[in-house]
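The values are calculated or read from the model by the stated rules, or taken from the named source; none is laboratory data. Please read all numbers here as calculations on a predicted model, not as lab measurements. Glycine also receives a Cβ, built like all others from the backbone with ideal geometry; neighbour counts cover every protein chain displayed. In case anyone asks, the SASA skips ligands and DNA or RNA and just uses the protein heavy atoms, side chains included. Shrake-Rupley method; radii C 1.70, N 1.55, O 1.52, S 1.80 Å.
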Amino acid sequence: MATSSLCLMGGHRTKTSFFSGLCSSALRRKSLPGDDRSVPSLHGEGLIRRLGAFELILIGIGASIGAGIFVVTGTVARDAGPGVTISFMLAGAACVLNALCYAELSSRFPAVVGGAYLYSYTAFNELTAFLVFVQLMLDYHIGAASIARSLANYVVSFLELFPFLKAHMPSWIGHGEEFFGGLMSINLLAPILLIILTAILCRGVRESSAVNTIMTVTKVVIVIFVILVGAFEVDMSNWLPFAPNGYKAIVTGATVVFFAYVGFDAVANSAEESKNPQRDLPIGILVSLLTCAILYIAVCLVITGMLPYQMLGEDAPLAEAFIAKGLKFVSVLISIGAVAGLTTTLLVGLYVQSRLYLGLGRDGLLPLIFAKVHPTRHTPIHSQIWVGLVASILAGLFNVHILSHILSVGSLTGYSVVSACVITLRWKDQKASVNSTRCMSEWHEGVICILLVACGGFVAGLCYRFSISYIFLVIAVLISVLAAAALQFRQSYADPPGFSCPGVPLLPVVCIFFNIFLFAQLHQEAWARFIILSFIAVGVYAFYGQYHANPVGTESSSYSDAYHMTPSEEEVIS
């Protein structure tokens, strides 16, 4: 009996110790790396700074312009009509707000990899950062496999333009052939293309940047040419009625085309390879996004003016519009542009994934092998091969297009967290101690207000999606407004040197509200994926991450009193 009691008591202590240790580890926060101990040496362990502002702009454009401009425009136009142009404007405006938040953090943080993961690690805690990484990674892995299959399809379709190849290429080479009742879909070309791009990325950032530059310039020139040629074929009567299905179809279209802009976060993840990150990263993020917005809007105006929106195809709207006008030679150029666009999108996507794995490997949240950098190539070769391997398996064996409705969860989650990071890292009082005149600390009060804004956005999104009474929508918006007012008037904000996001905290609050509003428009399976993957991530962190995370550079109890700065920024202030 005594022995049993002792065992129970020992078990209770072990259980208590496990959960208390988990909570303690999960709440650790990372100090902004600013010394030699925190930032790896650029000889052997680190990456080489070879990217200037122009290369960063091309990375942002290369990550964004792909399937969005060659496919999504026609799909949304079938519902929104010529109003798809407004859909792209609304989505572009929302992304500009998110990009301003990214631009501030990319210029404030030292030049190390991590992006949204690093920002949330510093602003919130270790577990939140790991959850952001996991959600982003699933988006990236499925997205890379899906783009690889689309690219393989386009390549085969282009090769079939030659008469001696037409009708002689089996479907399993590039179009995909289903087996076992659709459970598997074999595609041989997709993993081959992924292997080639992975090899280019493993060789070094100079080689991959050169490929991205050539392909991005090619597709942009083709898109501009298409716009100029198509402008002469526009019949303005096709723009009427401009919104045949009303404003709701335009807003719904904005939630779809929003994801055609995602890609500027790739620039933020290029920090450690940027020559002058504090200056060039904000330029790369904002210029690439604005360039994409202009091209998207111009393409929408052209194709909806060339043909009535009901006649636009959903698979290749640009090519079909020019074929209908008897301009088949332009459709060939569009096919070349589509191949170039999907190639750069895939190349940059694989590049970003490897840098995120590198960041977590350095912090110990993933095995150390992911932190290894090739001593001569200066690329995270193990991370890069792993990313290419996962994408190749998915693209070669499964029809990942059917998983597209569970995508974008990671992007919306990451953008929302980044906007919240801008707010929290601007607070002058970063300590969690409770003031005698308050029932909770200013920091916790601020975090609760941010959560209220997010909840308000989600409820408003549900009301809009399911046409629930506008009373509930107004209540949700009112709660968000009151929370934003509390953030504005009950917190003190620092104004850090360098690029500064305007309108803090109101602009980031708008970003959070709109991002979560869009989150509510996603398929219910996407919500289930978010919840299930979060539980899995917590389990992985509980049994691996908390024990292997590198405590150097983290703070378990409080932030520093000032905005986290690099030593150079501190000198500017002093």
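What the table below lists for this structure:
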item	result
Dimensions in Å of the chain - Rg and Dmax from alpha carbons	24.6, 92
Cα gyration tensor shape of the stretch 120-211, rounded if a/c is under 1.5, else prolate or oblate by comparing a/b with b/c	oblate
Solvent-accessible heavy-atom area per residue, rounded to whole Å², over the chain at 1.4 Å	42 Å²
Residue-averaged 222 nm ellipticity for the chain, from DSSP H runs of 4+ at -39500 (n - 2.57), nearest 500	-21500 deg cm²/dmol
Sequence of MET306, MET236 when ordered by accessible area, the most exposed leading, probe 1.4 angstrom	MET236, MET306
Whole-percent carbon and sulfur share, accessible surface of the stretch 454-528, 1.4 Å	76 percent
Protein-only accessible surface order, largest first, of LYS248, LYS166 at 1.4 Å	LYS166, LYS248
Computed over the chain: relative contact order in percent, which uses C-alpha pairs under 8 Å that are six or more apart	28 percent
Per-residue SASA entry for CYS439, accessible area with 1.4 Å probe, Å² rounded to 10	130 Å²
Accessible surface of the stretch 228-312 [probe 1.4 Å, protein heavy atoms]: carbon and sulfur percent	71 percent
Gyration tensor (alpha-carbon) shape descriptor, the stretch 468-553, a/c threshold 1.5	oblate
Solvent accessible area, Å² - ILE283, 1.4 Å probe, full protein context	60 Å²
Distance between modelled label sites at PHE535 and ALA199, nm, 7 Å Cα→Cβ extension	4.3 nm
Rounded to 10°, Cα long-axis angle of helix 409-426 versus longest principal axis of the chain	50 degrees
Cross-link pairs beyond the 20 Å C-alpha cut-off, checked among LYS275/LYS428; LYS166/LYS328; LYS166/LYS325	LYS275/LYS428; LYS166/LYS325
Alpha-carbon centroids, the stretch 124-183 and the stretch 236-290: separation in whole Å	23 Å
Residue among GLY337, SER354, PHE322 farthest towards the positive dipole end of the stretch 305-375, charges placed on Cβ	SER354
Listed residues ASP265, ASP235 arranged by accessible area, highest first, probe 1.4 Å	ASP235, ASP265
Principal-axis tilt of helix 126-159 within the chain, Cα atoms, nearest 10 degrees	10 degrees
Between 0 and 90°, nearest 10: helix 506-519 axis offset from the chain longest Cα axis	60 degrees
Chain lengthening between HIS548 and GLN524 when straightened (0.36 nm per residue, less Cα-Cα)	5.2 nm
Distance (nanometres) between label positions extended 7 Å along Cα→Cβ at ILE468 and SER17	4.6 nm
In Å², nearest 10: area of HIS548 left accessible to a 1.4 Å probe	100 Å²
